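The block underneath contains the structure these notes are about, expressed in structure tokens.
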Protein chains: 4
Amino acid sequence: MEDVLTLGGKVLKNRLFVGTGKFADHKQMGEALEASNSEVVTVALRRVDMEEQEEDILHDIPKEMTLMPNTSGARNADEAVRIARLAKACGMGNWIKIEVISDHKYLLPDNEETTRATEILANEGFVVLPYMSPDLMAAKRMRDAGAAAIMPLGAPIGSNKGIRMKEMIQIMIDEMDLPIVVDAGIGKPSEAAEAMEMGADAVLVNTAIATASDPVQMARAFDYAVRAGRIGYLSGLGPVSATANASSPLTGFLG
Amino acid sequence: MEDVLTLGGKVLKNRLFVGTGKFADHKQMGEALEASNSEVVTVALRRVDMEEQEEDILHDIPKEMTLMPNTSGARNADEAVRIARLAKACGMGNWIKIEVISDHKYLLPDNEETTRATEILANEGFVVLPYMSPDLMAAKRMRDAGAAAIMPLGAPIGSNKGIRMKEMIQIMIDEMDLPIVVDAGIGKPSEAAEAMEMGADAVLVNTAIATASDPVQMARAFDYAVRAGRIGYLSGLGPVSATANASSPLTGFLG
Amino acid sequence: MEDVLTLGGKVLKNRLFVGTGKFADHKQMGEALEASNSEVVTVALRRVDMEEQEEDILHDIPKEMTLMPNTSGARNADEAVRIARLAKACGMGNWIKIEVISDHKYLLPDNEETTRATEILANEGFVVLPYMSPDLMAAKRMRDAGAAAIMPLGAPIGSNKGIRMKEMIQIMIDEMDLPIVVDAGIGKPSEAAEAMEMGADAVLVNTAIATASDPVQMARAFDYAVRAGRIGYLSGLGPVSATANASSPLTGFLG
Amino acid sequence: MEDVLTLGGKVLKNRLFVGTGKFADHKQMGEALEASNSEVVTVALRRVDMEEQEEDILHDIPKEMTLMPNTSGARNADEAVRIARLAKACGMGNWIKIEVISDHKYLLPDNEETTRATEILANEGFVVLPYMSPDLMAAKRMRDAGAAAIMPLGAPIGSNKGIRMKEMIQIMIDEMDLPIVVDAGIGKPSEAAEAMEMGADAVLVNTAIATASDPVQMARAFDYAVRAGRIGYLSGLGPVSATANASSPLTGFLG
């Protein structure tokens, strides 16, 4: 039986979600998205040229990918709601990643406003994926508000610091009955693998791919890493022990 | 140009080395080795039935793999040398992984005796891969003694603790002009990826695969992980920053 | 000029706050509090015998300590408010540590309800110290609601896991203009020192002292550790470097 | 019964050893040594003016401290032995810290040459303390060669990186019957406390004190930290648990 993630009515075979920011140009972005094998891509509505000119970012996103527009730039729930509705009106589908950020140094999400936007948009039929500061209680509120998945940050956006909030993300994975998608902070393939080994349902990677020396190859690396971590999780990781355990027989060979 | 590792005159495309201990049976081992896509396998000479009966472990190792017999069970250089010669006499080729261990709790290698065995065997034409306790100066001595690669332990054998000796292994990778193969301690695919991201030339994994709930699938996971880490390393990991860096534009969207 | 922490109108010379749970008996607790040199102690109102019998926990708390009753057992803001008022009515002063917990496995605080209780009680003149799940935005809301200090958890209560939420706590310390008191999870003296080196204004320790083999001596250890970390922070920690820097001259001594 | 460390015939009450390099001047060094309460100080023989001029570093070392001259600058065992003999001839006592370093970037000790120097000098009646790269087998050889204590590095000298070689140092502490003094790399008071909590018998700190903004106060901080960690170790650290354990009663208070 194939391992798939069902989200917002879609059946996803690949658990790597990707972003579209910080690439050198749209062509490079398109090639990296292609190389990633990802099926879900987030894009800031701000980036989309609604006059539909040729250089629009949407032109370079592989057609078969599911668009997950995000509300980047929103400072409160109302702004996020307006951006979400606009995205839908533009024909970008009904998935929405909610980002509500008012802090300008660490770009940390505002869990309360995010929950409020989640509730409004879920009631309007959106598939809502809130980006949030890891916190079990806030995650439960977002779930109750109708979120389709929860997207806790591993570390501040674009920092490439890795999964610094591991303790709380692990608790969320263990305690929640909703998909957990680790978003923000993942800087290396090994960290994406680690998130999957922890039991995350997916990861979203943008900066680590876009700012690599070779973004297209790095996208491939993350594809492999997410598969590695997921299969590792499903295959039952062996126990960690304090002392050694011989792999090979140690009794005197020549004795 | 393809990324390959040249070692002992062989050109290797896969940088995952595997072991043969702790599997449920030879059949499971053979399937896991197959699934790993690995090209190099270590086997304790003790495990080899020199009377060549049917159940011999060698029967279940894919024929195209390079054998790297190890001297498991040796307590000093002399015993290691005798085991190596025996392996060669049995037709197991001229690769030898030197393990000299006298501590029975943590199974830590003895760097001095290992260096001594390395020198003797390299002079006899063996491709010598010494398993060692991470230490730059000891590694340089092993290189000078004729080692083909250096195999520092990440953590005690079979502990699945990960790369606990990261500081010294990173120094060895940065300072040595010989291949570094991280051996022992790697317990999860993400840790294998991490070793490769650090710049290791290969990793050897045994316990983490053999003690997984599903060793065959776990072997696949490690194959993906090693590729992920290697490609990540070659693609130039992006910089880590203290604060956040927006992936998407933040200027007031609706303003 | 002496280094002091001014909180709720009190001038504190010692930055170790302690708790009263899990001790073998009241006598041991009293001796540990004495040994800690702490000036602030938290006590669950539930523990206080309001009929004022002789075995009451308050009898064994050194008289000069400032009581910080906590609302342990409260599942929402309203219950916390009621407990706080009761504590004041019982003559326990106007400090209150707000704990609102509805999760029974990890005992994680509910930031939204905690903020609500903070606002009500701050308006009634309490010195409010909310225990919270580390989150910069939630901390800012608590500050705006009138909190006197913010008490983020380092790890789940009583887990002795250390400061697992370091990333977010460091951000809170750097970005907030209110005292930050790291509470919960600190299991070793070194971890208390580390919190202080990060710039925390104080730490609260209970389980690590009460469950030590010798709680009275462990209280002394934490007193030293908090001083060590605070002085270290004030004395300007030296820079970390990737490579070595000789402490002693290395030029050929013997020529 | 007082907790003391007996080493080379001396009974030490303070487990912080200090160094003399990198201070702004001798006066500052002297004040920092005083503030540290340390009883053992290492000094590079190179620093000592053997013509006995007034500005000699020895003038500013508190008289009651035990001198532990080191062989900094030695590139092999023979040079270390010559420096040690010279130190003794100059009246600096019979303690000697052996440093044999040939790598110029990470300043890593050479365990084999260090063992050789240890054996020669122990046979001549010196109290020998070898500085070494953490490795259980090398430590056992140094013990067998007559070392009075073993001084593994936590991280490269002067890096302030902390105890990066924790895994092997913990094994050495657990397995050796000789005092273990963690030397090099300790950059913060919390890290000194951590070494002591691990069961180290003492720590040596130099760079972290000398390069602090206020070295004299930082010396005090390390004194407190070492006491904190040692008392913590002796008082039996409480167990770490995966989930939470309530410090205070949780049953419905107002129920």
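At-a-glance table
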item	result
Cβ-vector label at 7 Å, D:A89, separations to other copies in nm	5.5, 8.7, 9.2
Nonlocal Lys pairs with alpha-carbon distance under 28 Å, region C:71-199 (8 or more apart, or different chains)	15
Ranking of D:S213, C:S241 by count of other Cβ atoms within 10 Å, fewest first	D:S213, C:S241
Calculated label separations, D:D174, copies of the chain, 7 Å along the beta-carbon direction, nm	2.3, 2.9, 3.6
Number of partner chain Cβ atoms within 10 Å, mean per residue of D:213-220	4
For A:A244, net neighbour charge (Lys/Arg +1, Asp/Glu -1) across residues whose Cβ lies under 9 Å away	0
For chain D, size of Cβ-based charge dipole, Lys and Arg +1, Asp and Glu -1, in debye	420
Centre separation in Å (Cα based) which lies between region D:82-124 and region A:98-177	57
Nearest-0.05 FRET efficiency for D:N123 and C:E124, computed from C-beta distance (R0 56 Å)	0.15
Overall form of the protein assembly as shown per C-alpha gyration tensor (a/c, 1.5; a/b vs b/c)	oblate
Label 7 Å beyond Cα on the Cβ vector: D:H104 copy-to-copy distances, nm	4.7, 4.8, 6.8
Helix-derived mean residue ellipticity, 222 nm - over the protein assembly as shown, DSSP H n ≥ 4, -39500 (n - 2.57), to 500	-10500 deg cm²/dmol
Under-5 Å amide H pairs with D:F17, H placed in peptide plane, nonlocal only	D:V203, D:L204, D:V205
Virtual paramagnetic centre 7 Å along Cα→Cβ of D:S213, amide N under 20 Å, in region D:158-180	D:160-161
Candidates per GluC sites (Glu not before Pro) in region D:74-168, loop by DSSP, up to 12 other Cβ within 10 Å	none
Per the axis that maps chain B onto chain C, nearest residue of B (Cβ criterion) and its distance in Å	B:V240, 7
Selection of trypsin sites (Lys or Arg not before Pro), region A:13-118, meeting DSSP coil and at most 10 other Cβ within 10 Å	A:K13, A:K63
For D:M132, residues with placed amide H under 5 Å, excluding near neighbours	D:M151, D:L153
Size of region D:5-234 as Cα extents on the principal axes (Å, biggest first)	45, 39, 36
Three-way shape label, region B:152-220, alpha-carbon gyration tensor, a/c 1.5	prolate
Residues with amide H under 5 Å from that of B:L12, placed H, sequence gap 5 or more	B:L5, B:T6, B:L7
Most mobile of D:S38, D:S235, D:S159 in a GNM of chain D (Cα contacts under 10 Å)	D:S235
Förster-model FRET efficiency, 22 Å R0, B:A89 and B:D56, C-beta, rounded to 0.05	0.85
Positive dipole terminus of chain C, leading residue within C:S235, C:I57, C:Y224 (C-beta point charges)	C:S235
Estimated FRET transfer efficiency (C:N76, C:E31; beta-carbon r; R0 35 Å; 0.05)	0.45
In Å, descending, principal axis extents of the Cα set of region B:50-153	44, 32, 23
Antiparallel DSSP beta bridges within region D:5-234, as percent of all bridges there, nearest 5	15
Region B:120-241: radius of gyration and largest Cα-Cα distance (Dmax), Å	14.7, 51
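Readers should treat all values here as calculations from the given coordinates under stated rules, not as data from a laboratory. Computed from a predicted model, the values in this text were never measured in an experiment. Please note: Cβ atoms are built from the backbone with ideal geometry, for glycine as well, and neighbour counts cover all protein chains shown.
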